[in-house]
Amino acid sequence: MIEVPVELGARRYAVSIGHGASRLLGGLLAPFAGRPTLLVTTRKVWSLHGHRLEAPLRGLGKPLHRAFVPDGEAAKTVATLEALWHALYDAALGRDGLVVAVGGGAASDVAGLAAATWNRGIDWVAIPTTLLSMVDSSVGGKCAINHPPSKNVIGAFHQPRAVVADPELLETLPPREHQSGAYEILKCALLADRDLFRVLAEAPPRLVGWDRIALENAIADAVRVKAAVVERDEREGDLRRVLNLGHTLGHALEAVTRFRRFTHGEAVGWGLIGAAWIAHRKGLLREKGFDAIARAVDALGPRPRVSDLDPARLLAATARDKKARAGKLTWVLPAAIGRVVLRQDVTAADVRAALKVMATRETRARS
Ligand SMILES: NC(=O)c1ccc[n+]([C@@H]2O[C@H](COP(=O)([O-])OP(=O)(O)OC[C@H]3O[C@@H](n4cnc5c(N)ncnc54)[C@H](O)[C@@H]3O)[C@@H](O)[C@H]2O)c1
Ligand SMILES: [Zn+2]
């Protein structure tokens, strides 16, 4: 078992990572045993993995109640949050209550927000079941629901008390969702971990059949990178912005396709290539560096096309980010593998050039 601490003073917690960790839940979550507990999950995840989680969780929660939320992004609504408040009330959870979130990032975002708001904040723990949620949602305590068309605008910072990531739970995850999480790992490698980059560049497409130890280590390394950033900037000041590497273009791709074409990670994968090209164009990154990054993105597998998307609409979508921040849009650009810089001088021409280069890589990447 690998334990990665997230050092946040009084809000310190650990992410425990290991194959079979869910069989050890009783021990890993022992400090939280004996409390009234609300398990929040989805029917899909519970039908796949409830059989192995039920017994340890029953041993933990006294008593254990259960609430199902809708699958995927559909969970992140006021209606779900309200349903969870009703469930918390029905279960008579007081300030000593515990919320246990079992599912992907969508389920844990809304479960965490329910915990953040109930009685002005009760404890919660997360058992992420997607690769993306193991490496991303598990660190930083951001919990949110959507206010369409805006994502994640109603939320809170509420750190979990513990996270248990069991890669065995990923055995049922569709390959495309593996790939999606892999891009967030790649992002972490580009931020601060050259060794992780090297390992990931040689991983099999979509991580299918990847060595168990390699997967555990990659999850732990990505969590360490994110934890190091969050530890220095818990509430998203300037520093935490580096985590947006690949996300400026990624968010724009998701928005103009109404979140239907790309998984989040696929959009970030494209965004990493775009950011690398912009960095190269601005003389920050050598051509060799760009090639290495683009090849690593492509090696993880095919991604839906981008060449049919209107550059003007994509540019407008990146500009919306800018309005939201009421200032200049800050781009995170890779200056080398393992190092990024923040720049505010990215022009429309830079973005258009990046989109062109992305389109040329499409034949390699198209799914
Ligand atoms: N809080 C944060 O810091 C943070 C960070 C990153 C992403 N997010 C949020 O997380 C969400 C994306 O997370 P996600 O990629 O986990 O998506 P998700 O929660 O929508 O899950 C993706 C799909 O995988 C299914 N699934 C989950 N576990 C499975 C398993 N073990 N086997 C088979 N299928 C399984 C889900 O039912 C769903 O259909 C977004 O809403 C995003 O905003 C939050
Ligand atoms: Zn992301």
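Read-outs throughout are calculated quantities, based only on the coordinates presented, and are distinct from any laboratory measurement. All of these numbers come straight from a predicted model, not from anything done at the bench. Reconstructed Cβ throughout: ideal geometry from the backbone, glycine too, with neighbour counts over all protein chains shown.
As a proxy for reagent exposure, I278, I154, I127 were ordered by neighbouring Cβ count within 10 angstrom, fewest first; the result is I154, I278, I127. Once you order the gyration tensor axes a ≥ b ≥ c over the Cα atoms, which shape class does the chain get: rounded for a/c under 1.5, otherwise prolate or oblate by comparing a/b with b/c? Prolate, since a/c reaches 1.5 and a/b exceeds b/c. Under a model in which nothing but the beta-carbon of Lys, Arg (+1) and Asp, Glu (-1) is charged, the chain shows a dipole of about 860 debye around its Cα centre. Centre-to-centre separation between the Cα atoms of region 21-95 and those of region 201-227: 27 Å. Karplus-derived 3J(HN,Hα) values for region 94-110, using 6.51 cos²θ - 1.76 cosθ + 1.60 with θ = phi - 60°, are x, 5, 8, x, 9, 9, 10, 9, 10, x, x, x, 5, 4, 6, 5, 7 Hz; glycine and proline are entered as x. Against the longest principal axis of the chain, how steep is helix 175-192, in degrees 0 to 90 to the nearest 10, with axes from Cα atoms? Its long axis makes an angle of about 70 degrees. Residue separation of N119 and E287 scaled by 0.36 nm, minus their Cα-Cα distance, works out to 55.1 nm of gained length. Straight Cα distances below 17 angstrom link K356 to the lysines K282, with same-chain residues fewer than 8 positions distant left out. In this simple spin-label approximation, A335 and H51 carry label points 7 Å from Cα along the Cα→Cβ vector, and these lie 5.3 nm apart. Restriction of the GluC sites (Glu not before Pro) in region 1-106 to DSSP coil positions whose beta-carbon has at most 14 other beta-carbons within 10 angstrom yields E7. Farthest towards the positive end of the charge dipole of the chain, among the residues N119, Q344, G271, is the Cα of Q344, using unit charges on the Cβ of Lys, Arg, Asp and Glu.
Residues whose amide H lies under 5 Å from that of D193, counting only those 5 or more places away or on a different chain, are G338; hydrogens are built 1.01 Å from N in the peptide plane.
Against the longest principal axis of the chain, how steep is helix 311-324, in degrees 0 to 90 to the nearest 10, with axes from Cα atoms? Taking the Cα atoms of the chain, the angle to 311-324 is about 50 degrees. Using θ = phi - 60° in the Karplus curve 6.51 cos²θ - 1.76 cosθ + 1.60, the 3J(HN,Hα) couplings for region 259-271 round to 6, 9, 8, 10, 6, 4, x, 4, 5, 5, x, 4, x Hz; x is entered for Gly and Pro.
Taking the C-alpha atoms only, the angle from helix 247-256 to the longest principal axis of the chain is near 90 degrees.
Looking only at H147, H264, H247, which one moves most when the chain is put into a Gaussian network model with springs between Cα atoms under 10 Å? So, out of H147, H264, H247, the one fluctuating most is H147.
Phi-derived couplings, Karplus 6.51 cos²θ - 1.76 cosθ + 1.60 at θ = phi - 60°, listed residue by residue for region 227-236: 4, 4, 6, 5, 4, 8, 8, 5, 10, 6 Hz, with x used for Gly and Pro.
Counting pairs of alpha carbon atoms under 8 Å apart in space and at least six apart in sequence, what relative contact order in percent does the chain give? Once normalised by length, the contact order is 15 percent. Per-residue ellipticity at 222 nm computed for the chain from its helices equals -14500 deg cm²/dmol, with DSSP H segments shorter than 4 residues left out and the rest contributing -39,500 (n - 2.57). Each peptide in 212-220, 305-313 receives the mean, over its residues, of other Cβ atoms within 10 Å, and ordering these scores from highest gives 212-220, 305-313.
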